[in-house]
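Enquirer: One structure, as structure tokens, below. Some questions next.
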Amino acid sequence: MLLLRPVRTRRIDLLVFAALLGFLTCFLLVPIWYSVRGALHDSGGWTLFHVVDVFRDSQLRQGLWNALLIGACSTIVASAVAIPMAVVSARFSFKGKGLLNGFLLAPLILPPFVGAIGLEAIIGRTGTLNVLFANLGLIAEPIDFLLDGGFICIVALTGLHLYPILYLNLVAALANIDPGLEEAARNVGAGPWSRFLHITLPMLRGGFFAGATIVFVWSFTELGTPLMFGFRTVTSVQIFDGLKEIETSREPYALTVVMFVVATGIYLLGRSTLGRTRGTTSTKASVRRTETPLGWKGTVGAWALLGGISLIACAPHLGVVLSAFSAPGSWYLSILPQAWTTANFENALQHPLAAGAIRNSLFLAGCAVVLDLVLGVAAARILIRTKLPGRWLLDLLVMLPIAVPGLVMAFGFVSMSLEWPFASVAPSWLGWLQSILPAGWWEWFSHAPLASWGNIVGAQPNPFPFLIIAYAVRRLPYVVRATAAGLEQTPVDLEEAAASVGAKPNLILRKIVVPLVAANLIAGALLAFSLSMLEVSDSLLLAQREGDFPVTKAIYTLFDRLGDGPAIASAMGTWAMLLLAATLLAASSVLGKRLGAVFRG
């Protein structure tokens with residue numbers, strides 16, 4: 001049996017703990033605070049006027065309602081897909097199950113806003129479906145599948161993109177249900193449907209809401225997909241459009257705070273109330289469940305259900321790939337592209353905007369991963385290996401980015417860049433330093449000393465430091481959870497033995513801890529890298545100049561350009577799919593069923 005008791009707390013642990021809290025306070029809580037202060041404070045002092053004004057404005061009120069509808073409907077779509085898939089996958093064995101389980105995660109390999117390119121090519125007025133129906137004589141006029149500005153498509157894309165997160169959580173929850181409970185119900189005459197409703201479903205509540213809260217927050221704050229469809233009456237896009245007025249208007253701040261309160265409120269409600277599993281003392285399986293083997297009819301049915309849903313969920317991916325291989329203008333009023341080319345992939349690597357964006361994203365994601373590895377190993381070790389009484393606070397701050405919308409954090413960094421020490425003058429409470437510092441030093445210190453280090457909306461922007469920190473903070477939970485999973489499986493005796501012979505903490509970390517959890521570190525780093533490469537909210541808000549664009553901002557910009565822009569954007573999306581697919585396969589091979597815990601709320 002592995003010994004998982006914490007090691008003795010050392011002074012270095014206290015210093016690391018304090019440093020982690022300081023970093024997360026500065027680059028997680030402070031940006032959120034700037035957004036909150038911008039909404040609740042003006043020249044007249046503290047006020048709720050600007051927040052209340054959001055609900056007085058019919059356009060802003062409609063945007064919030066649309067965002068809630070997108071979040072709720074996307075969660076319903078993801079749930080309707082994930083629940084039957086998880087039950088079939090966890091309870092039955094059939095030929096090809098391992099291969100099929102890999103396809104179930106395929107929707108995660110493409111951000112929904114990139115999938116919008118492929119979906120529009122398939123279901124647009126001049127797309128594949130309308131042309132096919134017209135050729136078959138089923139319609140005389142094209143059908144507008146993009147009803148209400150694409151609302152239904154936004155819901156479908158986000159729901160089908162995010163269902164794997166819910167599926168992974170449900171599969172893990174099903175594995176923890178004691179089969180003896182269902183056996184007892186069977187012995188008293190309960191049928192399969194009755195057992196599912198009264199035994200299985202209540203036990204799944206914790207796992208369901210752990211995943212459903214993430215799906216809701218993600219889709220509620222989704223920015224890229226509504227932008228691609230031109231659906232602008234939604235809170236996320238209204239915040240994005242309000243970035244131009246951030247220095248003169250309080251409206252963007254108020255919208256951000258409303259989104260933050262709604263998202264975190266629903267997240268906390270799901271975790272603290274709805275996510276509590278009734279009878280948790282009985283949910284952990286005491287014996288291993290035996291999967292029921294399916295015959296050829298059952299196997300065909302399982303493949304039809306799981307494979308069919310996966311195929312539908314991957315339709316946007318197929319559209320993106322076809323667009324990437326089509327010559328510009330060749331996929332118009334035709335079922336498939338009329339001319340094929342590989343030049344788009346070459347252009348995606350050579351086009352000034354695309355090539356520069358790829359270089360930027362590689363640099364930004366690489367730096368963010370290095371930072372995440374340093375912070376993640378330190379945080380995981382504090383949480384798993386020490387007895388520090390304030391560990392709960394560190395755990396809360398590390399996992400907070402899962403609950404806080406990325407759009408809120410990105411807007412917080414924009415707000416932060418407008419304050420001292422990046423802009424403006426030093427606050428009055430620092431005035432006492434003027435009598436201590438030399439005049440030249442005080443002049444530099446009091447007038448935006450870090451203006452050149454980090455600037456987002458200025459005449460000479462430099463968003464890279466903010467982008468690196470934003471990527472790192474947003475993906476830190478994945479690295480911490482992957483590392484913690486490795487530490488929980490490794491004995492603490494080796495570390496204690498090394499410490500007993502006088503080994504220093506840094507030597508123990510390098511020679512023992514890191515090698516033992518290296519596979520988990522690699523899995524977490526790969527996830528953090530690929531998700532940072534495809535980060536949407538931070539990239540769209542923080543990068544304002546073409547020379548600073550990351551990949552996702554370049555895809556969004558190219559898609560709106562005439563000529564070969566959409567084709568190059570599709571090629572970049574295809575490269576992104578290949579990257580994330582390889583990442584997920586590598587992470588899944590290392591973490592196995594624990595991959596679901598990485599995406600758990």
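Enquirer: Could you calculate the contour length gain from Arg545 to Ile152, that is, 0.36 nm times the residue separation minus the distance between their Cα atoms, to one decimal place in nm?
Expert: Value of the extension gain: 138.3 nm.
Enquirer: Over 5 Å intervals from 0, what percent of Cα-Cα pairs in the range 363-476 sits in each interval?
Expert: With 5 Å bins starting at 0, P(r) equals 2, 11, 15, 15, 15, 14, 13, 10, 4, 0.
Enquirer: Here's a follow-up. For Leu99 and Arg11, what does the FRET efficiency come to when R0 = 35 Å and r is the distance between their Cβ atoms, rounded to the nearest 0.05?
Expert: 0.10
Enquirer: Ordered by packing density, taken as the mean number of other Cβ atoms within 10 Å over each peptide's residues, highest first, how do 42-51, 523-532, 168-177 rank?
Expert: So the order, starting with the most tightly packed, is 523-532, 168-177, 42-51.
Enquirer: Non-local amide H neighbours of Ser93 (under 5 Å, H modeled in plane, Pro and chain starts lacking H): which ones?
Expert: Distant-sequence amide H within range of Ser93: Thr292, Leu294.
Enquirer: What number do you get for the range 411-542 when its Cα radius of gyration is normalised by 2.2 N^0.38 Å, N = residues?
Expert: 1.53
Enquirer: Any idea what the relative contact order of the chain is, in percent, if you count C-alpha pairs under 8 Å spaced at least 6 apart?
Expert: This gives 23 percent for the chain.
Enquirer: Explain nothing, just the number: dipole magnitude of the range 488-584 about its Cα centre with +1 on each Lys and Arg Cβ and -1 on each Asp and Glu Cβ, in debye rounded to the nearest 20.
Expert: With Lys and Arg at +1 and Asp and Glu at -1, about 220 debye.
Enquirer: Subtract the Cα-Cα distance of Glu488 and Arg91 from 0.36 nm times their separation in residues, and report this length gain in nm to one decimal.
Expert: Length gained between Glu488 and Arg91: 140.2 nm.
Enquirer: Continuing with this model, one more query. For the range 1-138, what is the Kirkwood estimate of the hydrodynamic radius, computed as the reciprocal of the mean inverse distance between distinct Cα atoms, to one decimal in Å?
Expert: 22.3 Å
Enquirer: In addition: For the residue pair His41 and Ile436, what label-to-label distance in nm results when each label sits 7 Å from Cα along the Cα-to-beta-carbon direction?
Expert: Here the modelled spin labels are 2.2 nm apart.
Enquirer: Let me ask something else. Normalised radius of gyration for the range 527-591, please: alpha carbon Rg relative to 2.2 N^0.38 Å, two decimal places.
Expert: Against the empirical 2.2 N^0.38 Å value, I get 1.24 for the range 527-591.
Enquirer: Apply the Karplus curve 6.51 cos²θ - 1.76 cosθ + 1.60, θ = phi - 60°, to the phi angles in the range 572-582 and return the couplings in whole Hz, x for Gly and Pro.
Expert: My calculation for the range 572-582 gives 5, x, 5, 4, 5, 4, 4, 4, 6, 4, 4 Hz in order.
Enquirer: Along the Cα-to-Cβ line of Ala19, 7 Å from the Cα, sits a label point; which residues in the range 490-533 have backbone N less than 11 Å from it?
Expert: What the label zone holds, given the 11 Å backbone N cut-off, is 506.
Enquirer: Mind checking the log10 I(q)/I(0) for the range 445-492 at q = 0.30 Å⁻¹? Debye, one equal scatterer per Cα, no solvent, two decimals.
Expert: -1.02
Enquirer: I need the calculated FRET efficiency for the pair Glu141 and Gln62, taking r as the beta carbon distance and R₀ as 22 Å, to the nearest 0.05.
Expert: The value I calculate is 0.15.
Enquirer: While we're here: Using the Cα centre of the chain as origin and beta-carbon charges of +1 (Lys, Arg) and -1 (Asp, Glu), tell me which of Ala175, Pro401, Phe113 is placed farthest towards the positive end of the dipole.
Expert: Ala175
Enquirer: Sticking with this one: By how many nm would the segment from His447 to Leu132 lengthen if fully extended, with 0.36 nm per residue of separation less the alpha-carbon distance?
Expert: That works out to 107.0 nm of additional length.
Enquirer: Dimensions of the range 94-207 along principal axes (Cα, Å, largest first)?
Expert: Dimensions of the range 94-207 along the principal axes of its Cα atoms: 59, 33, 30 Å.
Enquirer: Here is a further query. Through the Karplus equation 6.51 cos²θ - 1.76 cosθ + 1.60, θ set to phi - 60°, convert the phi angles of the range 518-531 into ³J(HN,Hα) values in whole Hz; use x for Gly and Pro.
Expert: 4, 4, 5, 4, 5, 4, x, 5, 5, 4, 4, 5, 5, 5
Enquirer: Right, another one. Quick one: what are the phi-derived ³J(HN,Hα) couplings along the range 118-133, Karplus 6.51/-1.76/1.60 with θ = phi - 60°, whole Hz, x for glycine and proline?
Expert: Per-residue couplings from phi come out as x, 5, 5, 5, 8, 10, x, 4, 10, x, 4, 5, 5, 5, 5, 5 Hz.
Enquirer: Related question: If you bin every alpha carbon distance in the range 179-243 into 5 Å steps from zero, what whole percent lands in each bin?
Expert: In whole percents, the pair-distance histogram is 4, 15, 16, 11, 9, 8, 8, 8, 7, 7, 6, 2, 0.
Enquirer: How do 220-232, 116-128 rank on mean C-beta neighbours within 10 Å, highest first?
Expert: 220-232, 116-128
Enquirer: Return the ratio Rg/(2.2 N^0.38 Å) for the chain, where Rg is computed over Cα atoms only.
Expert: Relative to the 2.2 N^0.38 Å estimate, the chain comes out at 1.02.
Enquirer: Going toward the positive end of the dipole of the range 67-179, with +1 on Lys and Arg Cβ and -1 on Asp and Glu Cβ, which of Gly71, Pro84, Phe145 do you reach last?
Expert: Among Gly71, Pro84, Phe145, the one farthest towards the positive end of the dipole of the range 67-179 is Pro84.
Enquirer: Where nothing but the Cβ of Lys and Arg (+1) and of Asp and Glu (-1) is charged, how large is the charge dipole of the chain around its Cα centre, in debye to the nearest 20?
Expert: It works out to roughly 2340 debye.
Enquirer: What FRET efficiency, computed as 1/(1 + (r/R0)^6) with R0 = 30 Å and r the Cβ-Cβ distance, is obtained for Asn176 and Leu197, rounded to the nearest 0.05?
Expert: Efficiency for this residue pair is about 0.95.
Enquirer: To continue, here is another question. Hey, if you put +1 on the Cβ of every Lys and Arg and -1 on every Asp and Glu Cβ in the range 412-569, which of Leu476, Ala523, Gly440 ends up farthest toward the positive end of that dipole?
Expert: Towards the positive end, the residue furthest out is Ala523.
Enquirer: I've got another one for you. Taking only DSSP H segments of four or more residues, each worth -39500 (n - 2.57), what value at 222 nm results for the chain once the sum is divided by all its residues, to the nearest 500 deg cm²/dmol?
Expert: Mean residue ellipticity at 222 nm (helix-derived): -20000 deg cm²/dmol.
Throughout, read-outs are computed from the coordinates displayed, never taken from laboratory work. The model shown is predicted, which means the values in this text are computed figures rather than measured ones. Glycine gets a Cβ as well: all are built from the backbone with ideal geometry, and neighbour counts include every protein chain shown.
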